[in-house]
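Remarks on the structure that follows.
Please treat every number below as a calculation from the coordinates, not as lab data. Not measured: the values here are computed from a predicted model. Cβ sites come from the backbone with ideal geometry, for glycine too, and all protein chains shown count toward neighbours.
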Amino acid sequence: ETGVTQSPTHLIKTRGQQVTLRCSSQSGHNTVSWYQQALGQGPQFIFQYYREEENGRGNFPPRFSGLQFPNYSSELNVNALELDDSALYLCASSLAENSGNTIYFGEGSWLTVV
Amino acid sequence: RKEVEQDPGPFNVPEGATVAFNCTYSNSASQSFFWYRQDCRKEPKLLMSVYSSGNEDGRFTAQLNRASQYISLLIRDSKLSDSATYLCVVRPFSGGYNKLIFGAGTRLAVHP
C-alpha cells in the first residue's frame, strides 16, 4: 500500500553466511534508506542512497553494504552474519527534492541468523 | 544516553480513556519531528508530524517544545484499534534526508 516492496519477507541464515535483501522504492522516489529493527527496539538507521551514491551512514560496520540502481531500487548486503544481525530490516523511500514529502516504509524483511 | 528516549510502557487503558506519551531528544540541532505508529510485526507508519505550534488530527494532538527538547502525543477517546507501539522520531539536520532517529517506542494496549 506504500508502494515500497521488499524481498524476501522472511529468511533464515547461518552465522558466517552472507545475505542480500532487496527493495523497490515508490515510483519516482530517488532516495532509499535502510533500517535495522531488533526485537523491542526502534528502527536504527543503517545508510541512505541518493541517486546511486551512499550519502549518509549510521553506526554500522563495513560488512553492511548497499547499492542503488538507476531505477532507484536498492540492495542491502550483510557479510559474515552474526547472531545479533537477527532483526527486521526496513527499507524506506522518499523524494529528496521535496522536503515536505513523507518517508514511506516497506513491510520489511525478517532475518533470523542461527 | 539514547538520542530519543521514550517510556516503553505498556500503557493499559480502557476504551474512551485519554492517554499521553512523552519523548525527549538529545540533539538540539534536529530539524523535524514525528510520531509513527507500528502494529505488531508490521512496518512503521507516519501518524503525524509535530510542530512547535502544536497540531491536531482528530483525536490525536502532538506538541513540540524545542527549548526543553520534549515531544508529546495525546490520544483522546481511545479506541481498541489504537492498540499499537508509538514511535517518537526525530530527523536531524545532517546525515541524509531519510535519516530518522527513532525512540524504542511506547506500547499502548486499549481494552474493552
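Name the residue, out of B:V90, B:V19, B:V50, whose mean-square fluctuation peaks in a Gaussian network model built on chain B with Cα pairs under 10 Å. Checking each option, the largest mean-square fluctuation is seen for B:V19.
Full extension of the chain between A:R57 and A:K13 yields a length gain of 13.4 nm, computed as 0.36 nm times the residue separation minus the alpha carbon distance.
Averaged over peptide A:6-19, the number of partner chain Cβ atoms lying within 10 Å of each residue's Cβ comes to 0. Positive contributions from Lys and Arg (+1) and negative ones from Asp and Glu (-1), summed over other residues with Cβ under 10 Å from the Cβ of B:S78, come out at 0. For the protein assembly as shown, build the charge dipole from Cβ charges (+1 Lys, Arg; -1 Asp, Glu) around the Cα centre, then report which of A:L39, B:V50, B:A62 sits farthest towards its positive end. The residue sitting farthest along the positive end of the dipole is A:L39. Annotation: amide H-H contacts under 5 Å for A:G66 (H modelled 1.01 Å from N, sequence separation of 5 or more, or interchain): A:N77. The modelled label-to-label distance for the pair B:N55/A:A80, using points 7 Å beyond Cα in the direction of Cβ, is 4.4 nm.
For chain B, the Cβ-based charge dipole about the Cα centre amounts to some 280 debye (Lys, Arg positive; Asp, Glu negative; other atoms uncharged). Overall, the ratio between the Cα radius of gyration of the protein assembly as shown and 2.2 N^0.38 Å, rounded to two decimals, is 1.01. Each residue of region B:26-33 was assigned a 3J(HN,Hα) from its phi angle through the Karplus curve 6.51 cos²θ - 1.76 cosθ + 1.60 (θ = phi - 60°); the sequence is 9, 8, 5, 8, 10, 9, 9, 9 Hz, with glycine and proline shown as x. Against the empirical 2.2 N^0.38 Å (N residues), region B:1-104 has a Cα radius of gyration ratio of 1.04. For region B:2-9, 3J(HN,Hα) computed residue by residue from phi via the Karplus equation (6.51, -1.76, 1.60; θ = phi - 60°) reads 6, 5, 10, 10, 9, 6, x, x Hz, glycine and proline entered as x. Other protein chain C-beta atoms within 10 Å of residue C-beta, averaged over B:97-109: 6.
Each principal axis of the Cα cloud of chain A was evaluated for its coordinate range; sorted largest first, these ranges are 41, 27, 23 Å.
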